[in-house]
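Peer 1: One structure follows; several queries about it will come next.
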Amino acid sequence: MANYYLDSETYKHHLHHPLMKRIVELKERNFADKEAFDYAPVDFEDAMDSYDKVLEIVGEICADIIAPNAEEVDHEGPTVANGRVIYASGTQRNLEAVRKAGLMGINMPRQYGGLNFPTVPYIMAADMVSRADASFENLWGLQDCAETLYEFGNEDQHKRYIPRVCGGETMSMDLTEPDAGSDLQAAMLKATYSEQDGCWYLNGVKRFITNGDSDIHLVLARSEEGTRDGRGLSMFIYDKKNGGVNVRRIENKMGIKGSPTCELVYKNAKAEIVGDRKLGLIKYVMALMNGARLGIMAQAVGLSEAAYQEGFAYAQERKQFGKAIIEFPAVYEMVALMRAKADASRSMLYETARFVDIYKALDDISKERKLEPEERQEMKKYNKLADAFTPMGKGMTTEFANQNTYDAIQIHGGSGFMKDYTCERLYRDARITNIYEGTTQLQVVAAIRHVTTGTYLAQIHEYDAQDYKPELADLKQKLQAMTAKYEELVKLVTETKDNEYIDFQARRLVEAASHCVFGYLLLQDANRTESFRRSAEVYITYGQAEVNKIYAYITTFDRESIDFFKA
Ligand SMILES: Cc1cc2nc3c(=O)[nH]c(=O)nc-3n(C[C@H](O)[C@H](O)[C@H](O)COP(=O)(O)OP(=O)(O)OC[C@H]3O[C@@H](n4cnc5c(N)ncnc54)[C@H](O)[C@@H]3O)c2cc1C
């Protein structure tokens, strides 16, 4: 029987990373839950075994149910009637399957009906779901909003909402408005407090809301009358059971057609506030988006993998000029690079997930007791790394998903342009990944800080200081040469102290840093598991050439030439 989890050693390789020991230790707090829940793990091996088993179920559902439904879902799509969304029939079957298997809320604490899974296995499930159908991953992945509810909601809200998510209810994050896209500070949906009713009411319009007819919404709204910036925004929970929000229309989109993208009208919709007033954007939405960005990285990884699988299979089957097209250098180069980009993206995804796991588990512990000084240091370190790796990872992996799906079509030639082949859907589905949850340009805005302050460089040096097998020495040397060029470029650009010029070169600097980081991550993979060696070789060869291109561009660039580019 097909199973996405078992069909390669990739997932187990990432699941069994050395840092998992620390993650499980923090997440399970000396396995205290074993007294209260008979399904809670009793030790590290037991915890890993439970992740393994659940991921095996996810792998089976992906291969047997979600992937076979994907084409029909893409064709049928959701509809809207009387202000309510009706999912495509395949989506309904998918939802039924994941609910029945208990795969909703798996990362939530056990006392609310979850399995207390760390981010790593949770995001691994998202990677597989996306590989099966990226549009369904949107619906399944939005349960991640529960994480924000858990982090910032009060105990009463935890008790009332989280068990519902674990029981299979869906969520959405309602942030974007017609005039507030990348710039969410401009959000104007109005929140008014009624002293008489002792609750808030929401009025206004949100657009482009994925799964906007969900059961539980997290909403960014303006609670402070007369304000116009982010400091006047708060976060609210809207419960569909209370009514007041209707779906005016769903968008007719290019891709992820199974995922309903809704325009919502709020008319006196009763809502309750999450956490403190005025921290909606500054604190809560930032956390929400970081989690969601990791989800989109997983979506991109799933798509990159699926594109590789399709491209590789076709390149082996298709014959031209008397031989399989994979024998032509132009084609085998594309296939090898697709494999390397998918592997590099996946390594970045799980590295980021591990950073998130450690700092979040420590943050959660800090709500119960005072952290020891070394624990506080550890939390600070991993929080900073998660902040740095999330925008770099989201930016690069989603661009790679676009490149891989583009190349999958190229390998298929004219057939790839036809609706008969899966690669056509993958290409359309990938196109949104580098736009929503912050465009690549906005990821660069977040990541450049870590270029100029040296977060990436310090981490690259840490990777370099680790022990590698002697046969990987050549690759390590290449990475050292790339890093030296990157360092030189950062110095050259930042020394100008010209902010416009730094912004102009920012994407190139972030990309150069990314090639070093991704290269080192693959080197570590190859050090642990031999089958990653080829991707490490291919990626580092490619990454070095990319860094050289960036180096040539920046070192020969005349700063005055910026004017050529201005509108
Ligand atoms: C299918 C789909 C699903 C979505 N789902 C959701 C959802 O569930 N919830 C939600 O709240 N939103 C959702 N969105 C909205 C999405 O997050 C926004 O579309 C996205 O953040 C970009 O905003 P915008 O479309 O207004 O583009 P703009 O902000 O108008 O950007 C246009 C261009 O300008 C560039 N740009 C803007 N500002 C800067 C800057 N400071 N520096 C450099 N470049 C800049 C952008 O990179 C982009 O290239 C969804 C959108 C789509 C299409």
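Peer 1: Pull out all pairs, ordered by first then second residue, where Cβ-Cβ is under 7 Å, the residues are six or more apart or on different chains, the first lies in the range 80-99 and is at positive phi, and the second is open to solvent by 40 Å² or more (accessible area, probe 1.4 Å).
Peer 2: Pairs found: 83/246.
Peer 1: On to the next question. Given the structure, is residue 216 at pLDDT 95 or above and either within 16 Å of the ligand (Cβ to nearest atom) or open to solvent by 50 Å² or more (accessible area, probe 1.4 Å) (or both)? It would help to see each step written out before you state the result.
Peer 2: Details: at pLDDT 95 or above: yes; either within 16 Å of the ligand (Cβ to nearest atom) or open to solvent by 50 Å² or more (accessible area, probe 1.4 Å) (or both): yes.
Yes, satisfied.
Peer 1: A further question on this structure: Identify the residue in the range 441-463 that is within 26 Å of residue 525 (Cα to Cα) and of a type in the set (Ser, Thr, Tyr) and, among all such residues, is surrounded by the most Cβ atoms within 10 Å (Cβ to Cβ).
Peer 2: Here the answer is 456.
Peer 1: Report, by residue number, each residue of the range 95-109 that is open to solvent by 10 Å² or more (accessible area, probe 1.4 Å) and assigned to a helix (DSSP H, G or I).
Peer 2: From the range 95-109, those open to solvent by 10 Å² or more (accessible area, probe 1.4 Å) are 96-97, 99-102, 107, 109; that's our starting set.
Correct list: 96, 97, 99, 100.
Peer 1: In the range 249-272, what residues are touching a Leu at 6+ places or on another chain (Cβ under 7 Å) and not polar (S, T, N, Q)?
Peer 2: Correct list: 266, 269, 271.
Peer 1: Moving on to the next point. Regarding residue 431, is this residue touching a residue at least 60 places away in the same chain (Cβ under 8 Å), within 16 Å of the ligand (Cβ to nearest atom) and either over 27 Å from the mean Cα position of the chain (by Cα) or open to solvent by less than 30 Å² (accessible area, probe 1.4 Å) (or both)?
Peer 2: Numbers: touching a residue at least 60 places away in the same chain (Cβ under 8 Å): yes; within 16 Å of the ligand (Cβ to nearest atom): yes; either over 27 Å from the mean Cα position of the chain (by Cα) or open to solvent by less than 30 Å² (accessible area, probe 1.4 Å) (or both): no.
It is false that residue 431 is touching a residue at least 60 places away in the same chain (Cβ under 8 Å), within 16 Å of the ligand (Cβ to nearest atom) and either over 27 Å from the mean Cα position of the chain (by Cα) or open to solvent by less than 30 Å² (accessible area, probe 1.4 Å) (or both).
Peer 1: While we're on this one: All but one of (1) open to solvent by 30 Å² or more (accessible area, probe 1.4 Å); (2) part of a helix (DSSP H, G or I); (3) more than 16 Å from the ligand (Cβ to nearest atom) hold for residue 466; state the number of the condition that does not hold.
Peer 2: (2)
Peer 1: Here is a further query. Quick check on this structure: which one of 303, 189 is within 30 Å of residue 72 (Cβ to Cβ) and within 15 Å of the ligand (Cβ to nearest atom)?
Peer 2: On the way: 189 fails: within 30 Å of residue 72 (Cβ to Cβ).
Only one candidate passes the filter, namely 303.
Peer 1: Just checking, which of 161, 201 is touching a strand residue (DSSP E or B) at 6+ places or on another chain (Cβ under 9 Å), open to solvent by 40 Å² or more (accessible area, probe 1.4 Å) and of a type in the set (Phe, Trp, Tyr)?
Peer 2: 201
Peer 1: Report yes if residue 169 is of a type in the set (D, E, K, R) and either within 13 Å of the ligand (Cβ to nearest atom) or in a helix (DSSP H, G or I) (or both), otherwise no. Full working, then the answer.
Peer 2: Numbers: of a type in the set (D, E, K, R): yes; either within 13 Å of the ligand (Cβ to nearest atom) or in a helix (DSSP H, G or I) (or both): no.
No, not satisfied.
Peer 1: Starting from the range 489-502, take each residue that is of a type in the set (Val, Ile, Thr) and list its partners that are in a loop (DSSP other than H, G, I, E, B), counting only C-beta distances under 8 angstrom and pairs at least six apart or across chains.
Peer 2: Close Cβ pairs satisfying both conditions: 502/496.
Peer 1: Restricted to the range 172-184, and to residues that are farther than 18 Å from residue 260 by Cα and surrounded by fewer than 15 Cβ atoms within 10 Å (Cβ to Cβ), which residue is nearest to the ligand (Cβ to nearest atom)?
Peer 2: If we take residues in the range 172-184 being farther than 18 Å from residue 260 by Cα and surrounded by fewer than 15 Cβ atoms within 10 Å (Cβ to Cβ), then 182 is nearest to the ligand (Cβ to nearest atom).
The values are calculated or read from the model by the stated rules, or taken from the named source; none is laboratory data. What you are looking at is a predicted structure, and each value in this text was computed from that prediction instead of being measured. Neighbour counts run over all protein chains shown; Cβ positions are idealised from the backbone, glycine included. To get the accessible areas, we keep the full protein, side chains included, count just its heavy atoms, and leave off ligands, DNA and RNA. Shrake-Rupley method; radii C 1.70, N 1.55, O 1.52, S 1.80 Å.
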